[in-house]
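The values are calculated or read from the model by the stated rules, or taken from the named source; none is laboratory data. Keep in mind it's a predicted model, so treat the numbers as computed, not measured. Cβ placement follows ideal geometry from the backbone for every residue including glycine, while neighbour counts extend to all protein chains displayed. Remember, those area values only see protein heavy atoms, side chains included, never the ligands or the DNA or RNA. Shrake-Rupley method; radii C 1.70, N 1.55, O 1.52, S 1.80 Å.
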Amino acid sequence: MTFTTRFAPSPTGPLHLGHAYSALLAHDMAMSEGGDFLLRIDDLDATRSRPEWEDQLKSDLAWLGLRWPTPCRRESDSMAEYDAALDRLWSMGLLYPCTCSRRDIREALSAPQEGPDGLIYPGTCREKRAAFPRPGDRPRDVTLRLDMAQACRMAGVFDHQLETPEGGCRRVAGFTESGAGPAGDTGRIEFTPEDMCAGVGDVVLARKDVGAAYHLAVVIDDDAQKITHVIRGQDLFEATRIHVVLQHLLGLPTPVYHHHRLIRDEAGKRLAKRDDARAIARYRDDGASPQDIRDMVGLG
Ligand code: GLU
């Protein structure tokens, strides 16, 4: 299978040095394997996405020397695919509608705990599923959460048996992480149903205003683009477990993952979109060359 990777920015602001590193690294890895580098426009959130940011990011990436096949996939054109996946998960009895605000969630928790998807949801609305007894009657225009405990019990999700040092056995799921081993080699990352229930919880798969949510969209997109290697920042390492569970539920292959280091500012803080001072366009305007950008992010 051809090594295929992607860079998937959201057109909600300028690309900065952190994006440049991620895109260049993915591109270089694909080229060194004789593979393909794809660009995807993650414009699921139409209220924040802007065509002018998309034009700018394409111009910045082309200036950096990157090329990709066109037309590129965009999330706003893929809603029917997300809908079909939500229908499938709904008919499996794994989704429920949730009406809790962020404040409701905080108030329901005595000791709020953050997971890779924000506060770990206390399950307040879980019983609301009972109001929709037929498999085909998925409610629209509502927030839908994944019943994680139920998902973990489904056949094929945690199907690896791992012997414990005490002589017992536990069920795990996992993925291959390139760069996970002590010498930066390839290793396997494993996690248990308990990790998912206690440490992640019932994540949102459809947002009321948007119709789908990031975790669902990314899994469908990566499969649709036949991505064999997902190369993205360390900040998404914990979220990958959610994606692996969804791939198992939907019968999709799990790519190899590589979570790269993050580019930080002098104070050690991760760069953000609003960090205009490090926008690639700003460096361009100030006379930097693409090679200067490579040097700045350590890809000389
Ligand atoms: N659009 C996502 C982001 O900008 C992509 C995340 C991913 O690579 O999975 O963070």
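Odds and ends about this structure:
- Near pairs, Cβ below 8 angstrom, 6+ apart or cross-chain, from region 29-52 (farther than 12 Å from His229 by Cβ and in a helix (DSSP H, G or I)) to any residue that is near the ligand (Cβ under 10 Å from one of its atoms) and not basic (Lys, Arg): Pro51/Pro11
- One residue stands out among those in region 22-58 that are in contact with a helix residue (DSSP H, G or I) (Cβ under 8 Å, 6 or more places away or on another chain) and of a type in the set (S, T, N, Q): the one that is farthest from the ligand (Cβ to nearest atom), which is Gln56.
- Restricting region 64-77 to residues that are touching a residue at least 24 places away in the same chain (Cβ under 8 Å) and exposed (fewer than 15 other Cβ atoms within 10 Å of the Cβ), the residue that is farthest from Ile220 (Cα to Cα) is Gly65.
Okay, residues lined up against (1) exposed (fewer than 15 other Cβ atoms within 10 Å of the Cβ); (2) more than 26 Å from Asp42 (Cβ to Cβ):
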| site | (1), (2) |
| --- | --- |
| Met79 | yes, no |
| Cys100 | no, no |
| Gly115 | no, no |
| Pro133 | yes, yes |
| Arg140 | yes, no |
| Thr143 | no, no |
| Asp159 | yes, yes |
| Val172 | no, yes |
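- Test result for Asp60, within 21 Å of Leu24 (Cα to Cα), acidic (Asp, Glu) and open to solvent by 40 Å² or more (accessible area, probe 1.4 Å): no
- In region 104-113, the count of residues that are within 15 Å of the ligand (Cβ to nearest atom) and either in contact with a Leu (Cβ under 6 Å, 6 or more places away or on another chain) or assigned to a strand (DSSP E or B) (or both) is zero.
- Residues in region 218-239 that are more than 9 Å from the ligand (Cβ to nearest atom) and open to solvent by less than 10 Å² (accessible area, probe 1.4 Å): Val219 alone.
- Output for region 264-291, where each listed residue is more than 18 Å from Trp63 (Cβ to Cβ) and either of a type in the set (S, T, N, Q) or not in a strand (DSSP E or B) (or both): Asp265, Glu266, Ala267, Gly268, Lys269, Leu271, Ala272, Lys273, Arg274, Asp275, Ala277
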